[in-house]
Structure formats: structure tokens, C-alpha cells
Amino acid sequence: MLKVGPLDLVSGLSGKIKKDEVLFAVDKYEKYHASFGGLDEERKANYTDMVNKYYDLATSFYEYGWGESFHFAPRCKGEALRESIKRHEHFIALQLGLKPGQKVLDVGCGIGGPLREIARFSSTYVTGINNNEYQITRGKVLNRVAGVEQTCNFEKADFMKMPFPDNSFDAVYSLEATCHAPDVVGCYKEIYRVLKPGQYFAADEWCMTETFDPHNQDHQQIKTEIELGNGLPDIRSTRQCLAALKETGFEVIWEKDLAKDSPVSWYLPLDPSQFSLNNFRVTFIGRFFTRNMVKALEYVGIAPKGSQRVQAFLEKGADGLFVGGNCYAGHIPTTCVADLANRIRKRHFHDLRTLTISTHLLISIPLPSRVLRSCFFTRKISLFSCNLHILQIGNLSEMSKAGALDLASGLGGKIEKDDVLSAVDKYEKYHASFGGLDEERKANYTDMVNKYYDLATSFYEYGWGESFHFAPRWKGESLRESIKRHEHFLALQLGLKPGQKVLDVGCGIGGPLREIARFSSTSVTGLNNNEYQITRGKVLNRVAGVEQTCNFEKADFMKMPFQDNSFDAVYAIEATCHAPDAVGCYKEIYRVLKPGQSFAAYEWCMTDSFDPNNQNHQRIKAEIEVGDGLPDIRSTRQCLAALKEAGFEVIWEKDLAKDSPLPWYLPLDTSHFSLNSFRLTAIGRFFTKNMVMALEYVGLAPKGSQRVQSFLEKAAEGLVAGGKKEIFTPMYFFLARKPQ
């Protein structure tokens with residue numbers, strides 16, 4: 001995220017302004033603002049010049065301290081700033097209901113961080129509109145680095161006068177950008193014009209809350225500091241934004257100030273009392289170092305004169321944001337997703353709202369079915385309301401939080417410690433590597449899979465975290481970030497709506513279940529036949545504060561204890577590979593899913609490159625089966641045929657491993673080293689092996705623990721070999737629908 005160094009910061013300090021004109025530009029910029037005697041009307045009349053100067057002067061500081069995405073986000077405990085920012089961008093895509101191939105507009109796109117994230121996440125084409133030449137130049141460079149030039153582009157233009165024909169885009173969003181508009185009604189009217197009828201606009205707006213008192217001098221000073229430090233002509237109230245949307249002709253589906261419910265305050269990264277290595281440069285110490293670095297660079301002539309003054313008003317803006325948020329006088333994120341209907345619908349909705357502006361009541365009016373459905377899942381998003389999708393998030397435990405004693409205490413799961421060694425013996429004998437037969441594994445799959453997860457779960461959580469699955473990975477993305485994105489992708493593909501009932505088939509200890517429930521505001525039931533994992537999952541649900549929306553059911557997914565047509569959506573993440581019969585498993589999923597609804601899954605499969613007559617291929621397959629509790633590994637063709645036989649209509653299917661910029665097996669590759677996933681590296685695994693040996697020797701870990709680790713290591717080797725030879729994939733994805 002913070003890839004630019006001091007020299008990168010210096011090289012961009014003036015944007016497109018000539019170095020010897022920076023001081024003059026700073027003078028002129030400051031004089032627009034009330035702190036320097038400027039008037040509101042003057043700022044609005046000259047907003048193009050003011051905002052351009054601001055971003056020429058400030059962009060390099062933004063990228064240096066914040067990354068490529070210049071916005072806040074709701075945050076939960078244990079979540080890094082960068083993770084929360086990505087989650088917020090994914091959430092915008094979910095709320096807009098983006099579909100592959102759609103044309104999307106990012107209004108006020110900055111250097112394109114959200115644009116690139118949303119385009120890749122949703123497989124859409126995103127155009128960013130921006131009136132600042134330096135930011136567009138920088139954005140194009142970053143597009144090339146990310147390899148998204150075919151799907152992401154920029155248009156240099158004023159969003160008050162867009163150069164697009166009417167009805168050009170399938171969706172429009174704006175992240176903390178339309179606050180720069182001198183006239184919010186005029187800005188929203190342009191967005192309305194270029195958006196296709198029946199489609200959606202989502203925005204994060206910077207607003208003063210109802211707590212703001214215009215007659216309070218302290219409040220006015222805070223507002224002035226924010227305006228100066230962020231290039232704003234004026235900061236509107238939440239009421240003004242809402243009224244402007246309605247005046248424009250949008251139907252507001254819902255809107256809310258989400259800052260109020262954020263588990264971690266949105267302004268926390270700007271709090272000088274907070275310290276974090278993840279975003280060190282925006283901490284008090286980091287800002288102190290940056291301030292003195294800029295001072296020194298300006299003194300020796302490397303940085304242009306005026307650079308210190310730019311940093312000074314940015315710091316003042318940060319202080320204003322922190323104080324304004326902390327005393328509830330300032331910015332509040334209020335998200336807004338609005339529906340652009342055709343003329344008849346626009347008049348119809350407008351007439352209804354003369355009676356009430358309650359979104360809940362509006363939903364109850366008999367409207368055309370497509371619009372009625374949209375009311376349930378679209379939202380109004382406002383700028384500092386980065387808390388949109390995280391309203392009910394509690395503590396989010398760290399990915400690899402378990403220590404040595406946590407690992408030891410969980411070894412064996414619900415198996416008595418004295419019985420672990422015999423359980424290992426029995427488990428191994430099910431597998432081909434130890435003389436076991438396929439049919440025996442399938443006939444005894446319940447016992448085999450239960451023994452596997454009793455023995456292996458503690459190792460999984462120790463090394464991998466709460467979500468036991470792989471994910472496609474982008475360059476510059478951590479393992480944890482890719483895993484979360486992979487889970488968000490499922491929610492997007494299923495088109496999840498707030499309040500829906502969702503089933504997670506084979507849920508493990510519930511990492512994906514909690515993430516998807518919080519991300520989509522749904523209620524998720526996890527189905528699992530392993531008592532230890534459910535016990536552990538319930539503990540983690542309590543820690544995360546999601547007991548009201550996440551629950552577990554102990555049962556076999558071949559015989560589910562649910563009535564027909566119980567769920568609005570079903571997903572499985574690398575879990576139904578444990579089923580002895582894919583058709584039988586899919587038929588049960590089909591039975592409990594409501595008609596017209598969807599089932600999405602990631603399956604472990606052998607690919608078309610697998611040769612059953614190749615002994616090396618068979619050895620790799622056997623290693624994966626013994627190390628991962630699998631009765632057999634089906635081919636992608638077998639899974640697809642099973643879905644159709646079960647009655648599903650397959651919407652689309654693909655081996656997602658093929659397009660992953662980084663190999664999915666990279667975390668298990670002993671030639672790869674990463675501090676973020678240290679325990680999975682060769683050195684980390686060496687330490688774990690010796691630690692388990694020592695713990696077993698002194699009696700803290702049960703006898704047989706080393707053997708468990710041994711077959712898990714063997715599986716890791718098989719997975720890497722299978723991935724490199726492209727004979728195996730853990731992410732054969734499909735989206736299937738149960739017909740009406």
C-alpha cells in the first residue's frame with residue numbers, strides 16, 4: 001500500500017505545477033479559504049482552479065501516507081486500515097449489484113485505487129472521471145503496473161459537465177469526491193443524466209451532521225480546517241445531500257450515517273494517540289518524521305518551496321477531521337444508493353415521497369417487481385460512512401492468533417488425548433498411501449472426515465487463520481486480503497441482500513461465515529458435522545459479536561435437517577469435496593434452496609491435465625487425499641455433470657486458478673518467504689515441527705501429534721506439486737440456479 005518512498009514523495013510534490021511556481025500556488029490556494037479570508041462564493045465560483053491546485057499539491061502526500069485509495073472506511077477490531085478500505089470498495093460493488101462486463105463510472109476517481117479494485121473484483125469496465133491531469137497521469141501508470149489497462153480507463157473532465165452521452169453507464173459510484181462539487185444538485189443531475197434508466201448510483205459523501213451548530217465558533221473552526229485541508233468549497237449537511245438527490249429525480253433506496261455504529265472509529269488512523277506499524281506514516285511519530293524530512297528536503301532544494309506549507313494545511317485538515325469526528329460535530333459517512341427510474345417511475349416515486357420519505361414504507365408500496373427487489377438491497381452511502389457494511393461487526397480476531405499452547409490445547413479436537421494415536425492410525429489406514437480403498441473411504445466418510453478435522457483443525461487455525469481455504473491472489477496482495485476478497489466475491493456472485501437466509505455447507509470454524517454475514521448483512525447458518533469445529537466456531541462468533549446473525553447446525557450435509565426451500569442462497573467453500581457422492585450432496589443443496597435462487601461453490605478437483613495412468617499424478621492425488629481428509633478427488637467434468645444431474649441450471653463455471661496473477665499454492669511453496677504468513681514458510685514449518693516434537697515429548701501435546709503434522713506436510717507438498725503441474729485446482733468455481 002505505502003510503496004512510495006521519500007524520493008517518490010518529493011518527485012510528485014507539485015503535481016503538474018512547475019517547481020518554481022509551487023509557493024505561489026500555495027498562496028493562491030490558501031487565500032480561497034475562510035482561514036485566510038476567503039469567501040464561500042469565491043471558492044464555489046473558482047472550484048475548478050481550487051480543487052486542481054489542491055490535488056496537484058496534495059496527491060503525493062496522500063499516496064505516500066494513505067496508499068492508492070484516498071478514502072476512509074468502516075473498520076472492525078483486528079482489521080488493518082488497508083483491509084477495511086478494500087472491504088468498503090467491494091461493498092460498493094455488492095450494493096450496486098455489479099455484473100461482469102458492465103460499464104461503470106467512478107466520479108472523482110483520484111489516482112484510481114478503488115477503480116482498479118472494483119474492476120478486478122467485479123469483472124466490470126470502469127471509467128474514472130477526474131479533472132486533475134497529474135492524478136490521471138499517475139493513475140495510468142498504476143493501471144499499467146496492475147495490468148488493468150483493458151478494463152480501467154480515465155477521462156479528464158469536470159464532473160459538473162461530463163463528456164458522456166445520456167444513459168451511458170450501467171452503474172455509477174463516487175467515493176468521497178462529489179463533496180468537491182460547488183453545486184450538489186447540478187452534480188447529481190449530471191450523474192442522473194449519464195446513468196441508464198433503472199440502474200443505481202452509490203456514493204460516500206462528506207457531511208456535517210445534525211450535531212453541527214453553525215453558531216458554535218468551535219464547530220465552525222473545525223469545518224473551516226477540514227475545508228482548507230481537503231480542497232472543499234463547502235461541506236454540506238446530510239439533509240442537504242438527501243434533498244439534492246430527491247430534487248434530481250433519484251429514488252433514494254436507503255441512506256444512513258454509518259459512522260455512529262462503527263466498532264472502530266473512522267478517524268482512528270488520524271488519531272495522534274494511536275500507533276500502528278501497518279499505517280505508520282499517518283501516526284504521530286510517522287507524521288513527525290515526514291514533517292522533518294520535507295523540511296530538510298525543502299531546505300536543500302530537492303523539494304520545492306512551499307512543500308512545508310502544504311504539509312501544514314494537510315495536518316491541519318487531519319486534526320479537523322479527528323476533532324470533528326471525535327466530538328460528533330464533523331463529517332459523517334452517509335451512504336446512498338439511488339435508483340434511476342424511467343420518467344413514469346420517477347414521477348410515481350416522487351409522488352409517493354410527498355406522503356413519506358420512509359424507505360421502509362416505500363418498499364411496502366406495490367411497485368414493479370424488479371424495483372421492489374432493488375429496494376431491499378440498495379443503499380445510500382455517504383462519505384465518512386465507510387461503516388456501511390460493517391454496522392454489526394464486532395471484534396475480528398487476528399488471522400494467526402493461536403500460539404504454541406493454543407495449538408497444543410486444540411490438538412485432537414474432541415478425541416480424548418490418550419486416544420489420539422489410535423485415531424491417527426485408523427485415519428491413515430483409510431487412505432491409499434496406507435493400503436486403504438476408495439470404497440472403504442466413501443462408506444466411512446463421516447468417521448474419516450470427523451477424525452481428520454479433530455486432528456487437523458488446530459494446525460489449520462495456527463497456520464492459516466479462521467478461513468480454511470485458498471484464493472486467487474493479485475500482486476501486492478497479502479494472503480489474508482486475498483482470502484477476504486474471495487469470500488466477498490461469493491457474496492457478489494450470489495447477489496446477497498440484507499436480511500436473507502444463507503447456508504454455508506461445510507463451514508469449518510466459521511471464518512467465511514462471519515465475513516460474509518457482516519459484509520452482506522445476511523443471516524448465515526453454518527452446517528458442519530464436526531463437534532469440535534462447531535464448539536470453536538461458537539466461541540469465535542461470540543468474540544466477533546455476530547451471534548444474532550451467525551449460527552451453526554451439527555449435521556451431515558448428505559442428510560440436512562432443514563425443510564425444503566429453506567434458504568435464499570447456498571455456498572460451499574472447498575467443503576463438498578469431502579462428500580462421498582457429489583450428486584447426492586448437490587441434490588440435498590438443491591432441496592433446501594428456494595426456487596429461483598443460487599448455489600455457488602469452490603470445489604477441489606483434478607483438472608483435464610490429470611492422467612490417471614501416470615503414477616506420479618496418482619501419487620500426488622493420494623498425498624492430497626490423505627493430508628486433507630478426502631474420500632476421492634473428482635474431476636471438474638464430474639462436478640459439472642453432477643450439478644446438472646441434481647437439477648441445477650449452471651450459470652457459469654471456471655477454474656479460477658488459471659487467471660490468478662500469483663499461484664494459489666504460493667503460501668505452501670517452501671521456496672517462497674513471507675513475514676505475513678511466516679508460519680507457512682519453510683522456516684516457520686521447521687519451527688512448528690520442532691515445537692510439536694517438544695510439546696509431545698513433555699506431554700503437553702498428545703502422542704500422535706507429530707504424525708498429524710507429518711501427513712499435513714505431505715499434503716502441502718502434494719498440493720504444491722499438483723498446482724505446479726496444473727493437474728489439481730482448489731478453486732473450480734461454479735454458480736448454479738435452482739429453476740423456478
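Of all beta bridges that DSSP places with both ends in the chain, some 45 percent have antiparallel geometry.
For the chain, the dipole from Cβ point charges (+1 on Lys and Arg, -1 on Asp and Glu) about the Cα centre works out to 740 debye, to the nearest 20.
Counting charges near E588 (Lys, Arg +1; Asp, Glu -1) among other residues having Cβ under 15 Å from its Cβ returns a value of -1. Projecting the Cα atoms of I483, L540, T525 onto the dipole axis of region 463-555, where Lys and Arg carry +1 and Asp and Glu carry -1 at the beta carbon, places I483 farthest toward the positive end. Here region 447-551 has an Rg and Dmax of 13.7, 41 Å, counting Cα atoms alone.
Restricting the calculation to Cα atoms, region 37-151 shows an Rg/Rh of 1.01 when the hydrodynamic-style radius is the Kirkwood one. Compactness of region 659-740 is given as radius of gyration and Dmax, 17.1, 60 Å, from Cα positions. Decide, for region 233-323, between rounded, prolate and oblate: order the square roots of the alpha carbon gyration tensor eigenvalues as a ≥ b ≥ c, take rounded if a/c falls under 1.5, and otherwise choose prolate if a/b is larger than b/c, else oblate. It is oblate, given that a/c is not under 1.5 and a/b is not larger than b/c. Only helices reaching 18 angstrom along their own axis (Cα) with mean Kyte-Doolittle hydropathy no lower than -1.0 count here, and for the DSSP H runs of the chain these are 47-66, 81-96, 133-146, 284-299, 307-326, 445-463, 479-494, 531-544, 682-697, 705-724. Can you find, among S35, L656, Y452, the residue sitting farthest towards the positive end of the charge dipole of the chain, where Lys and Arg contribute +1 and Asp and Glu -1 at Cβ? My answer, from the dipole projection, is S35.
Remark: the Cα gyration tensor places region 233-273 in the oblate category, a/c being 1.5 or greater and a/b not exceeding b/c. Dividing the Cα radius of gyration of region 7-74 by its Kirkwood radius returns 1.02 for Rg/Rh.
The Cα-based radius of gyration and maximum Cα-Cα distance (Dmax) for the chain are 27.3, 85 Å.
The calculated 222 nm mean residue ellipticity attributable to helices in the chain amounts to -14000 deg cm²/dmol, summing -39500 (n - 2.57) over DSSP H runs of n ≥ 4 and dividing by all residues.
Computed over the alpha-carbon atoms, region 469-522 gives an Rg to Rh ratio of 0.98, Rh here being the Kirkwood radius from the mean inverse distance. Charging the Cβ of each Asp and Glu at -1 and of each Lys and Arg at +1, and nothing else, the dipole of region 438-587 about its Cα centre rounds to 520 debye.
Over all pairs of different C-alpha atoms in region 602-740, the reciprocal of the mean inverse distance, the Kirkwood hydrodynamic radius, equals 16.9 Å. With the gyration tensor restricted to C-alpha atoms of region 132-280, the semi-axes of the equivalent ellipsoid amount to 28, 24, 16 Å, longest first. In region 694-735, one over the average inverse separation of all distinct C-alpha pairs is 12.5 Å, which is the Kirkwood hydrodynamic radius. As a size descriptor, the averaged projected area of the C-alpha convex hull of region 204-272 was calculated at 6.1 nm².
Per the Debye formula on identical point scatterers at the alpha carbon atoms of region 481-623, with no solvent, log10 I(q)/I(0) at q = 0.20 Å⁻¹ is -1.20. Built from the Cα atoms of region 507-575, the convex hull projects on average onto 4.5 nm², one quarter of its surface area. Please label the shape of region 605-644 as rounded, prolate or oblate, based on the square roots a ≥ b ≥ c of the eigenvalues of the alpha-carbon gyration tensor (a/c under 1.5 means rounded; beyond that, a/b larger than b/c means prolate, else oblate). It is oblate, given that a/c is not under 1.5 and a/b is not larger than b/c. Surface analysis of region 108-166 yields an accessible area of 39 Å² per residue, using protein heavy atoms and a 1.4 Å probe. Ligands, DNA and RNA are left out, and with a 1.4 angstrom probe the accessible area of region 182-227 is 39 Å² per residue. Whole-percent P(r), region 578-665, all Cα pairs, 10 Å bins from 0: 14, 42, 33, 10, 1. Using the charge dipole of region 552-631 (Lys, Arg: +1 at Cβ; Asp, Glu: -1 at Cβ; taken about the Cα centre), state which of L630, M606, M558 has its Cα farthest towards the positive end. Toward the positive end, the furthest listed residue is M558.
Largest first, the three principal axis extents of the alpha carbons in region 530-609 are 42, 32, 19 Å in whole numbers.
Sorted largest first, the spans of the alpha carbon positions of region 254-302 along the three principal axes are 53, 23, 15 Å.
Among the protein heavy atoms of the chain, carbon and sulfur supply 52% of the accessible surface, probe 1.4 Å, non-protein parts ignored. Under a model in which nothing but the beta-carbon of Lys, Arg (+1) and Asp, Glu (-1) is charged, region 222-307 shows a dipole of about 360 debye around its Cα centre.
The values are calculated or read from the model by the stated rules, or taken from the named source; none is laboratory data. None of these values were measured; they are calculated from a predicted model. Backbone-built Cβ (ideal geometry, glycine too); neighbour counts: all protein chains shown. Just so you know, the surface numbers come from the protein's heavy atoms only, side chains and all, with ligands and any DNA or RNA stripped out. Shrake-Rupley method; radii C 1.70, N 1.55, O 1.52, S 1.80 Å.
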